[in-house]
Amino acid sequence: MSKTNSIAPLNTYPTYHNPRNKSNHAKSPNCFIFFRQSWTTYLPPPNFDLFCSSSVGVSATLSKATYDVAMDKNAKIRKFCQMGDLRNAMELLKRSKISELELHTYCSVLQLCAELKSLEDGKRVHSIITSNGMEVDEVLGAKLVFMYVHCGDLVEGRQILDGILNDKIYLWNFLMSKYAKIGNYEEAASLMKKMQKLGIRGNPFTFTCILKCYTALAKVRECKSVHGYAFKLGFGSDNAVVNSLIAAYFKCREVESAHNMFDELSDPDVVSWNSMISGCVMNGRSWNGLKFFIQMLHFGIDMDLVTLVNVLVACANVGNLSFGRALHACGVKTGCSGDVVFDNTLLDMYSKCGYLKGATDVFVKMGETTIVSWTSIIAAYVRKGLYDDAIMLFDEMQSKGLRPDAYTVSSVVHACACSNSLDKGRNIHNFIKKNNMALNLPVSNALMNMYAKCGIMEEAHLIFSQIPVKDIVSWNTMIGGYSQNSLPNEALELFLDMQKQLKPNDITMACVLPACAGLAALEKGRELHGHILRKGYFSDLHVACALVDMYVKCGLVVLAQKLFDMIPKKDIILWTVMIAGYGMHGFGKEAVSTFEKMRIVGIGPDDACFTSILYACSHSGLLKEGWKFFNSMRSEFNIEPKLEHYACMVDLLVRSGNLSKAYKFIETIPIKPDAAIWGALLSGCGIHHDVELAEKVAEHIFELEPENTRYYVLLANIYAEAEKLEEVKKLQTKIGKGGFKKDQGCSWIEIQGKFNIFVAGDTSHPQAKRIDSLLRKLRMQMNGVGYYNKMRYALINADDMNKEVLLCGHSEKLAMAFGILNLPPGKTVRVTKNLRVCGDCHDMGKFMSKTTGRDIVLRDSNRFHHFKDGVCSCRGFW
């Protein structure tokens with residue numbers, strides 16, 4: 001006779017055993033519990049009387065009734081669960097006794113709590129289980145883990161899993177995938193390590209999930225460890241695992257490893273091919289991605305939506321419009337057209353390939369447009385230079401109730417930057433502030449770039465200072481903005497600050513080198529050159545071009561030429577830099593030769609290139625060549641001359657002494673001449689002493705720019721040369737009454753990385769006495785050999801003695817004298833001035849070079865002057 005409790009019924013009845021006895025239940029595949037029913041016979045003692053017999057019959061009846069009630073409650077609760085009625089299921093569950101509930105019932109309620117994501121009810125069920133003293137074994141524990149994790153309480157779910165140590169891989173995978181989904185990759189990785197420690201064998205899903213986690217953490221070594229572990233367990237030929245490994249290696253920049261994995265696949269599927277195509281694209285190998293696509297078609301693998309999207313991105317990156325259009329047709333045939341992801345990618349491809357009509361057609365036909373669609377079409381208009389249309393699209397998008405994101409705003413701010421639309425840019429900036437987008441880093445960078453392009457560096461710096469964590473783009477934008485806006489000191493200072501926080505990249509070099517060029521900071525430029533060579537940045541064409549330009553503007557045109565020759569593939573910008581460099585240094589014939597070489601290699605000049613070659617001809621007196629190039633603009637290259645081209649031609653005529661021709665030429669210009677064109681003629685009048693024409697030309701200039709003191713001074717010098725002192729006094733009076741301020745002239749020289757700055761008449765320099773003594777000595781020597789100082793350049797009301805003192809103190813003279821006194825013998829003296837050099841200082845430069853045996857390179861605002869043995873490279877053309 002079996003043992004039984006004293007309150008047990010006397011009749012034979014089915015009982016369910018305590019789940020602690022694991023041998024008495026069986027598990028279904030879905031983890032619900034089905035119990036084996038065990039029948040126990042209770043035999044009454046032999047001395048029981050009739051009363052007892054009667055009692056037995058009553059007890060048996062009650063026992064059966066109790067059992068039926070219990071079974072009815074379990075069935076009802078499960079029925080409520082099947083109907084999704086959690087409220088009634090919970091009510092009945094709470095009213096039931098422990099003896100009335102089956103484990104299957106608890107699991108059913110927990111399953112519904114998970115499905116409805118009712119964490120509160122799930123916790124109540126857990127509490128009932130605990131209070132009823134039920135053991136949370138691996139089956140009930142698994143259901144609890146599922147409920148907690150599905151409801152978002154991963155901490156509790158993990159604690160239960162750690163307590164039951166369930167070896168069912170689906171449960172570990174489920175928790176791991178949830179960690180990955182919320183971005184807690186470290187916890188997912190720790191779960192994987194624990195699995196391995198416990199000897200729980202993973203499956204393909206395990207490896208695909210953990211590989212995504214390690215990829216997100218950029219842990220290449222761990223990815224390789226998973227690779228080895230998966231192969232050890234025999235998953236080396238499983239496509240899902242190998243495809244995940246391919247994707248992981250590509251994302252970790254292990255391109256060769258990804259290729260090797262693909263080559264080992266015996267039967268790659270469409271996911272394998274898609275992984276190879278997308279991996280090549282994300283690693284900057286879009287052409288390889290297109291090749292894989294062609295191979296895929298060759299092997300008869302059917303493309304899917306993912307394939308088309310990846311290949312369209314590759315086409316966009318390489319600008320292969322014809323291939324992209326063919327894919328468009330494939331998309332239509334396969335029914336992908338109309339899918340919002342496909343249409344957006346197609347629109348972006350047409351945009352990046354410069355095919356605005358194609359992009360517009362796709363956009364118009366889209367049934368559903370998203371913020372991505374609008375951003376792509378706005379970017380398409382920006383790329384075509386239709387900036388106003390892009391801004392109008394931005395407004396239209398908002399009118400349709402779509403909220404712009406950071407990408408949209410960045411695109412339209414870029415449109416404002418390219419079109420110099422400061423007012424519209426400010427309006428969008430206000431929109432950004434109102435919508436709390438100001439702290440978005442790409443948006444802030446775009447705003448800085450817009451203000452920099454519009455010349456408002458104060459606003460750009462304000463935005464820069466408010467960015468809590470700046471990236472390399474932020475620093476590069478500001479450094480480049482200062483360089484572009486002729487603020488080289490600020491650019492170099494910011495570059496030094498940047499190096500304390502971030503390492504510069506190739507773009508930084510391209511941004512800061514123009515600052516060195518602007519200051520003629522040769523020593524700093526050489527330092528950057530060394531950094532470029534060490535990092536391998538010279539292969540970047542933008543960096544190489546900036547480096548050539550820096551050496552040109554620092555006076556080392558020979559070194560610039562050597563670097564230029566080392567660059568295998570030159571673009572129009574680089575050719576233009578070299579042509580302009582020769583022009584600045586007065587090497588007109590070399591500039592013409594370089595222009596012809598550019599034409600031979602098949603590169604056609606643009607308007608900027610023509611400006612450079614015409615400038616070179618002008619500053620070298622190449623009249624015939626200049627007219628040839630000017631006439632070829634329309635006839636050969638269909639380029640309409642702009643004001644700067646006409647200004648070069650006026651300057652060319654003036655320097656060759658053809659003043660009347662220059663005046664007539666100006667009258668024939670189809671565009672209204674500006675002050676720069678008339679100013680070129682006025683300078684020629686000074687060179688050739690034509691006072692009458694100078695007065696006539698000056699009338700035009702003062703009408704256009706009545707407050708520009710430069711032209712008043714130029715006319716005053718012409719009067720002074722002609723000894724019309726009364727006219728000089730009138731101009732001086734006019735300048736004084738008008739409150740005009742003459743631009744402050746200054747010159748500087750770099751010695752041992754330090755800039756020494758001089759202004760006219762400055763006596764505060766520590767070596768002022770030594771400098772003055774040298775200049776007086778040189779002036780006496782000049783007078784002794786027939787040089788006579790040109791008093792007209794002083795232009796003040798003072799006697800001749802005072803004028804001579806002032807002439808000795810012109811800033812470029814001070815800087816040249818300082819260089820001679822402080823540089824080692826034989827070292828070239830390199831001086832830069834912010835204005836044009838005056839005639840007297842030009843003569844002094846020539847005399848200094850001959851007397852001291854020094855090469856002196858003076859860069860003024862217009863060109864270079866190489867003084868050597870008493871001769872200047874400009875040959876009087878400046």
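Throughout, read-outs are computed from the coordinates displayed, never taken from laboratory work. Remember, predicted model here, so these are calculated numbers, not experimental data. All Cβ positions, even for glycine, are placed from backbone atoms using ideal geometry, and neighbour counts span all protein chains on display.
Say a paramagnetic label sat at a point 7 Å from the Cα of K597, along Cα to Cβ; which residues of the range 521-563 have their backbone N under 16 Å from it? Only 545, 548-549, 552, 557-563 pass the distance filter. Each residue in T508, T709, T375 was given a count of other beta-carbon atoms within 10 angstrom of its own, and listing them fewest first yields T709, T508, T375.
Segment L441..A326, full-extension length gain: 37.7 nm, with 0.36 nm per residue of separation and the alpha-carbon distance subtracted. This ranking places Y106, Y185 by how few other beta-carbon atoms lie within 10 Å of each, fewest first, which gives Y185, Y106. Of the peptides 111-122, 608-619, the ranking by mean beta-carbon count within 10 Å, highest at the top, reads 608-619, 111-122. Calculated FRET efficiency, I572 and H688, Cβ-Cβ r, R0 30 Å, to nearest 0.05? Computed FRET efficiency for I572 and H688: 0.25.
FRET efficiency for the K754 to N638 pair, using the beta carbon distance and R₀ = 45 Å, is estimated at 0.35.
Spin-label model, N834/A240: points 7 Å from Cα along the beta carbon direction are separated by 7.1 nm. Each residue of the range 477-537 gets 69 Å³ once the volume of the Cα convex hull is shared out per residue.
Packing, taken as the mean count of other beta carbons within 10 Å per residue, orders the peptides 252-264, 445-457, 233-245 from highest to lowest as 445-457, 233-245, 252-264. With a Förster radius of 45 Å applied to the C-beta separation of L198 and I472, the computed FRET efficiency comes to 0.50. Going 7 Å from the Cα of K384 along its beta-carbon direction, which residues of the range 332-357 have the amide nitrogen within less than 18 Å of the resulting point? Answer for the range 332-357: 344-357. Values of log10 I(q)/I(0) for the range 397-482 across q = 0.19, 0.25 Å⁻¹ run -0.76, -1.30, by the Debye formula with one identical scatterer at each alpha carbon and no solvent. Taking label positions 7 Å along the Cα-Cβ direction at both N783 and N184, the computed distance is 9.1 nm, reported to one decimal. Each label was represented as a point 7 Å from its Cα along the Cα-to-Cβ direction; for K562 and K365 these points are 5.9 nm apart. Among T334, T369, T576, T733, the order by Cβ neighbours within 10 angstrom, fewest to most, reads T733, T334, T369, T576.
E264 to D607: extension gain in nm, 0.36 nm per residue of separation minus the Cα-Cα distance? Don't jump to the answer; show the numbers that get you there.
Working: separation 343, 0.36 × 343 = 123.48 nm, distance 5.49 nm.
Contour length minus Cα-Cα distance gives 118.0 nm.
You can think of it this way: the chain between D137 and K868 has 253.4 nm of extra reach, that is 0.36 nm per residue less the Cα-Cα gap. A convex hull fitted around the alpha carbon atoms of the chain yields 245 Å³ per residue.
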